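Peer 1: Take a look at the following structure, please.
The values are calculated or read from the model by the stated rules, or taken from the named source; none is laboratory data. Quantities reported herein were computed from a predicted structural model and do not represent experimental measurements. Don't worry about glycine lacking a Cβ; one is built from the backbone with ideal geometry, like all the others, and counts go over all protein chains shown. Accessible surface is based on the protein model in full, side chains and every heavy atom, while ligands, DNA and RNA are left aside. Shrake-Rupley method; radii C 1.70, N 1.55, O 1.52, S 1.80 Å.
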Amino acid sequence: MSDLKSVFRILLAPFYFCYFYEGLSSQEIKREDLKKIILIYGILYSSLIIIPYLCGTGFVSYDIDHNGLMSKASEVQGVGNKGFFIELNSLIAILAANLFFIKNLIISYFNENEIKKAVTTILLYIATLISLFITATKLGILLSIVCSLIFVYQIFCSSIKREYKLYFAASIVLLFIAIYIFLGGLITDITNRLNYFSEQSNGSTIDFLTSNRLSYLTKTMYEIDNSTHRFFLYLFGAGYSSPFTPTIDGIKRSIVEIDYFDFLFSYGFFGFISYIAFFKKEVILLFFSKKNEMKSMLIIFLLYSFMGGHIFVNSMTATFLAIFLSYSSDAGLKSIK
């Protein structure tokens, strides 16, 4: 019974996908509507981080004294602020995916000479970028810097007018200066935390990026290999909460926080393959499309599922996953014809 909640969360993406697919097929929903939904989500998510941070409220991203996930910024000492959200990994994945999506929209607006739309969308890009810095996560900041570098490169390699390129370059420089001035203390805390993670990872880049999650994987594999139901576990899993076996030398069931392995260990090869097979066609259409504003969102989700986890088993990210997969479905493609 304790696994019902996780099962329903995993089923949210297929259910939402079916809803959007039917809406697109019946022409009640257009592809442009899905773009607007994500942009509105982008405004809401950024607002629910920036506003609490400015007001000194919300929950801290990392509670130094380990008081819990809902430690308030006004009551405890911590690093970063995740606004009114509890789960951090899915929040960062959404913000980072939105950042790349917004970047792609801005490029397309510039190419179509829709300058007003481009400028308006740049403001949302800035708000999302600042939100990622406020959360103070290493992957969030890394992805925001990578996205911005790609953004600058695409702008200067495009056929956009020279004056627009100069304005854009000046805006990016001023933006990072403003971030450093207004978030200087936070950046110092972030740097100290990154140094701590670097020391804990013993120079390993993978351990640094995954926060030593591979050690969790080793422990989980040990627990499964010592179970009398090993074959059954690999085929069908043990659910998301149940232990693999009675306690062995004090080891208890732990979540790896790498979605691919957590999904595999919880629902086995049959569950894992069934889930992938359901979205197989849409993933292929999206991943191999040459021009698709939401292609980078899928890449971010797939990447973050290994680096951070809690993507495919989270209700917030399930919504986004359903949106950009249905956007690339054959129903989505037909909706623009």
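Peer 1: Residue 281 to residue 169: extension gain in nm, 0.36 nm per residue of separation minus the Cα-Cα distance? Could you put the intermediate results ahead of the total?
Peer 2: On the way: separation 112, 0.36 × 112 = 40.32 nm, distance 3.93 nm.
That works out to 36.4 nm of additional length.
Peer 1: I'd like the accessible area for residue 3: 1.4 Å probe, protein heavy atoms, all chains in place, Å² to the nearest 10.
Peer 2: 30
Peer 1: Using the Kirkwood formula over every pair of different C-alpha atoms, what hydrodynamic radius in Å results for the chain?
Peer 2: Details: mean 1/r = 0.0464 Å⁻¹.
Taking the inverse mean of 1/r over all distinct Cα pairs, the chain comes out at 21.5 Å.
Peer 1: Using helices alone, I'd like the mean residue ellipticity at 222 nm for the chain: each DSSP H run of four-plus residues gives -39500 (n - 2.57), total over residue count, nearest 500.
Peer 2: Details: 15 runs with 234 residues, N = 337.
Value at 222 nm, helices only, nearest 500: -23000 deg cm²/dmol.
Peer 1: A follow-up question, please. Using a cut-off of under 18 Å, list every residue of the stretch 305-322 whose amide N is near the label point 7 Å from the Cα of residue 142 along the Cα-to-beta-carbon line.
Peer 2: Those under the cut-off are 305-311.
Peer 1: A further question on this structure: Using the beta-carbon distance between residue 181 and residue 161 and R0 = 22 Å, what value does 1/(1 + (r/R0)^6) give for FRET efficiency, to the nearest 0.05?
Peer 2: Working: r = 30 Å, r/R0 = 1.37.
E between residue 181 and residue 161, to the nearest 0.05, is 0.15.
Peer 1: Right, something else. Just the number please: accessible area per residue for the chain, 1.4 Å probe, all protein chains included, in Å².
Peer 2: Details: 17160 Å² over 337 residues.
Value for the chain: 51 Å² per residue.
Peer 1: If you take the beta carbon distance between residue 290 and residue 334 as r and set R0 to 22 Å, what does 1/(1 + (r/R0)^6) give as a FRET efficiency, to the nearest 0.05? Let's see the in-between values first.
Peer 2: On the way: r = 19 Å, r/R0 = 0.85.
The formula returns an efficiency of 0.75 here.
Peer 1: Residue 108 to residue 18: extension gain in nm, 0.36 nm per residue of separation minus the Cα-Cα distance?
Peer 2: Values: separation 90, 0.36 × 90 = 32.40 nm, distance 2.86 nm.
My answer for the length gained is 29.5 nm.
Peer 1: Relative contact order for the chain: what is it in percent, counting Cα pairs under 8 Å that are at least 6 residues apart?
Peer 2: On the way: 421 pairs, mean separation 86.4, N = 337.
Worked out over the chain, it gives 26 percent.
Peer 1: Same structure, new question: Would you please give the FRET efficiency between residue 36 and residue 214, computed as 1/(1 + (r/R0)^6) with r the Cβ-Cβ distance and R0 = 41 Å, to the nearest 0.05?
Peer 2: The formula returns an efficiency of 0.55 here.
Peer 1: What distance in nm separates the simple spin-label points at residue 306 and residue 270, each placed 7 Å from Cα in the Cβ direction?
Peer 2: Taking the two extended label points, one gets 2.8 nm.
Peer 1: Positive end of the dipole of the chain, charges at C-beta (+1 Lys, Arg; -1 Asp, Glu), about the Cα centre: which of 190, 264, 274 has its Cα farthest in that direction?
Peer 2: Value computed over the given set: 274.
Peer 1: A further question follows. Going by Cα centres, the stretch 32-46 and the stretch 286-306 are how many Å apart?
Peer 2: 17
Peer 1: What is the percent carbon and sulfur in the accessible area of the chain, measuring with a 1.4 Å probe over the protein chains and ignoring ligands?
Peer 2: 66
Peer 1: Sticking with this one: I want to check the label-to-label distance for residue 87 and residue 231. Put each point 7 Å from Cα in the C-beta direction and report it in nm to one decimal.
Peer 2: 3.5
Peer 1: Just how much of residue 70 is accessible, in Å², when a 1.4 Å probe is used and the result is rounded to the nearest 10?
Peer 2: Answer for residue 70: close to 120 Å² accessible.
Peer 1: Treating only the Cβ atoms of Lys and Arg (+1) and Asp and Glu (-1) as charged, compute the dipole magnitude of the chain about its Cα centre; round to the nearest 20 debye.
Peer 2: Numbers: 28 positive and 24 negative charges, 211 e Å.
Here the chain has a charge dipole of around 1020 debye.
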